[in-house]
Structures are given as C-alpha cells and as structure tokens.
Amino acid sequence: MAAVSCLLSEDQFLCSICLDVFADPVSTSCGHNFCKNCITEHWKTNDRYQCPMCKEVFHIRPELHINTFISEIVSQFKSAQQEACSSSDRQVSKPREVPCDVCTGTKLKALKSCLVCLVSYCETHLESHLTASGLKRHQLIDPVENLEGRMCTKHDTPLELFCKTDQTCVCTFCTVSDHKMHDVVPLKEEYEGKKAELGKTEAEIQQMIQKRRLKIQEIKHSVGLSEEDADREKAEGVQVFTSLKESVERGLKELIDTIEEKQRTTEQQAEGFIKELEQEISELIKRRTEVEQLSRSEDHLHLLQSVQSLNIHPPPTKDWTKVSVRPSYEGTVVRAVAQLEDKLSKEMKQLVKAELERVPQYVVNVTLDPDTAYPYLTLSENGKEVNCDGVCKFPQQPKEIYSL
C-alpha cells in the first residue's frame, strides 16, 4: 500500500465540491466520488438531484453508502503523507538554518562545517569525515555560512587567533610574520571578552531606553495635568470674563438710566414751565380783551371812569429771559467709562494677584545623559551657559558650540 501511495497524488483524493481530501467518501451511480456531507448538502440546495461532475440527473434521490475501498486508500494516503512530512521536517533545511552544500535537489540541514574543505555537510555526507582516516584530521565546527570569510586570505588557513594590537583576526602563520611580537590571543578568549563587553553595553542601552521611556511617561503625565489645568482655566476664564461682561452691561444700563432720568426730569420741568406760561398767556389774553373793548367805547365819561377802575397796564408776569430747559449731557459718558475702567482695573488686579498665588508652575526637566550627549552640548541663553540653578557663567568653550 505504501508503494501505491507513492504513485498516487493528493489531487486524486480531492472532493470536487469542497476541494479537500475525501471525508466519508460515497459514490454515485454515475461513478463519481464525493464527501457524503458535501453531496448531501449540494442536493439539499438544488431543485433536482444531479451529479456535479457529469451533470447526470437522477429522478429519484440515490441512496448513498460509504465507499470503504476509497476510504481505506484515503486513510493510508494521509498516513503516508504525515510520515513523509515528519521525516522531511527533521531533515530539510529551514530558512535560517545552514544547508548542506553536497545535497542536490532538496537541501538537508547541515550538521557540521569543515574549515579545510570549506564545505558544510548534512548527517549523511558527513559520514566520510568521521570514518576516513585522511578526513578525520580536518577541523569540524558547528555549521556556519560564508566559510571563505573564516580563512586567512594570505595563508589560506583558518582564522583561529585575534591580534589585539591591530584589532583583527589572524591565522597561526600571521603571528610569525605580519603580527610578530603583537598581543595575540585565541579567538575564544577575545570572543568571551567582547561578548561580556557587548552584554554590558546592551544592559547600559536598555537602562537608557528605560530612562527615556520613564521620561516619556513623565512628560505625558505633565501634559495630562496641564490639560486638566487648561480646562479649569478656561472654565474660570469664562466665568471671570462673563462677570466682567455683566459689569460692563450693568455700567451701560446705569449710564442709560442716568441719561433717561435726566431726560424725564427735564420733561417734567418743561411741562411745569409750559403750564405756567399758558396760564400767563390766558391772563394776558383776558386783559387784552378788556382793554380792547374799552378802547372801542365812544362814551367819554364811561371810558374815563372805567380806566380808573381797570388797570390798563399788563398784569405782572415772570421774567422768562433766563429760563432754559436744555440739560447738559456733556461728560456723562466719559465719567461713566472712567468709573467702569477704574472698577474693572481694580477687579483685574485682584484676579491677577489671586491667579499668580494659585497657579502652579509645571516644568519638564530634560536630562542630558553624559555617556551619550555631545561633550560640548550645553543649555545656553544669549550665548551664556545656564546651569540647573539658572545662574549664568562664562565657560571656556571651543569655537564650535552646539546649544539648546
């Protein structure tokens, strides 16, 4: 059955409806195979019973039975596939693994690399290096890529040493030629030292990152507090300016009321004068009528006798020459504005004083890390360095200064 599985492909075991490997395969009378659930659901959603492959129509719904032969073949085919995949996963080189340089076709995972042959070998192709006497002397290492880069270009031998004087990898022959009398150590010794140094650097960098993340949180927190204060200040500002607006409106109303009151007083005074004048006019008209009638009399005696009893002179009246009802509004608006300005000025001074006593000052401290900052990077104002206390001093600086 294993041989049969090798000759068959997965496409021969796919259901034409779900396009997946058969599950409970059944056969129709026309000879085509489907998953039992797939063909059942297909017929439920169609008006007639028809084969999805050859389109043959069945007048009566066929009875479906599991095809045990195909079911068994599918089961064994799945098992063979799983075994092949498991075996392949254990051997085939993955993207980040070093492949065998000898394998043709599918590259298997390399087990060792030879510094003499400059070739990486899988478990099968490595066998000769483990058994052949001539190959046993070759230096084997864990599989690595770019084996040519591990060889000395001048002497064509492995780079096994490190020259601390020139800070470069060298081979054994280099130590007696170009690097004679230099401080040379094994690669592993320098590797351990550099690895420890890199670990320390990594820890320092991580600490710097953490500090800056904390600083970001601190700044964000300060921004949050500032936002809360801004909202509160806006609310208080609206309240203050609303109060000031109401004061202005009250001042305007008082001004208008004053002017209107003065106008009403003027009107009342004018009405009194007019009434008094009309009364005088009435008396003058009466006297004029009497004088007119007397002047028309032809009786000499009557006229003379009447003149004695009638006062022919005008009745006594008021001197209206200096009487005036024109009020003066000059300076009314100016005085009202001056009073309002004085009042608002006092209120604003009180508000500013209270605000300065109440409002906290939020400051974000920016720290320059001495290990990473430019050595001549300074906080300055007007060309003078400023320390954390805000005190200016005049340092001895180079010609090029980078200032914040």
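Values computed for the structure shown
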read-out: Pick from region 161-186, criterion exposed (fewer than 15 other Cβ atoms within 10 Å of the Cβ) and within 18 Å of residue 141 (Cβ to Cβ), ranking: modelled with the highest pLDDT; value: 186
read-out: Complete set of residues in region 45-62 that are exposed (fewer than 10 other Cβ atoms within 10 Å of the Cβ) and acidic (Asp, Glu); value: 47
read-out: Among (1) farther than 30 Å from residue 327 by Cα; (2) surrounded by fewer than 12 Cβ atoms within 10 Å (Cβ to Cβ); (3) modelled with pLDDT of 90 or more; (4) not acidic (Asp, Glu) - the single one residue 226 does not satisfy; value: (2)
read-out: Test: residue in region 300-319 that is over 30 Å from residue 283 (Cβ atoms), surrounded by 10 or more Cβ atoms within 10 Å (Cβ to Cβ), among the charged types (D, E, K, R) and out of contact with any Cys (no Cβ under 7 Å at 6 or more places or on another chain); value: no
read-out: Sole exception among (1) on the phi > 0 side of the Ramachandran plot; (2) without any contact (Cβ under 8 Å) to a residue 12 or more places away in the chain for residue 131, by number; value: (1)
read-out: Tally of residues being over 18 Å from residue 102 (Cα atoms), surrounded by 15 or more Cβ atoms within 10 Å (Cβ to Cβ), under 56 Å from the mean Cα position of the chain (by Cα) and not aliphatic (A, V, I, L, M) across region 124-160; value: 4
read-out: Scope region 202-247; condition over 26 Å from the mean Cα position of the chain (by Cα) and either hydroxyl-bearing (Ser, Thr, Tyr) or outside the structural domain of residue 344 (by TED's automatic domain parsing) (or both); matching residues; value: 242, 243, 247
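The values are calculated or read from the model by the stated rules, or taken from the named source; none is laboratory data. In this text, all values refer to a predicted model and were calculated from it rather than measured experimentally. Cβ coordinates were reconstructed from backbone atoms using ideal geometry, including for glycine residues, and neighbour counts include every protein chain displayed.
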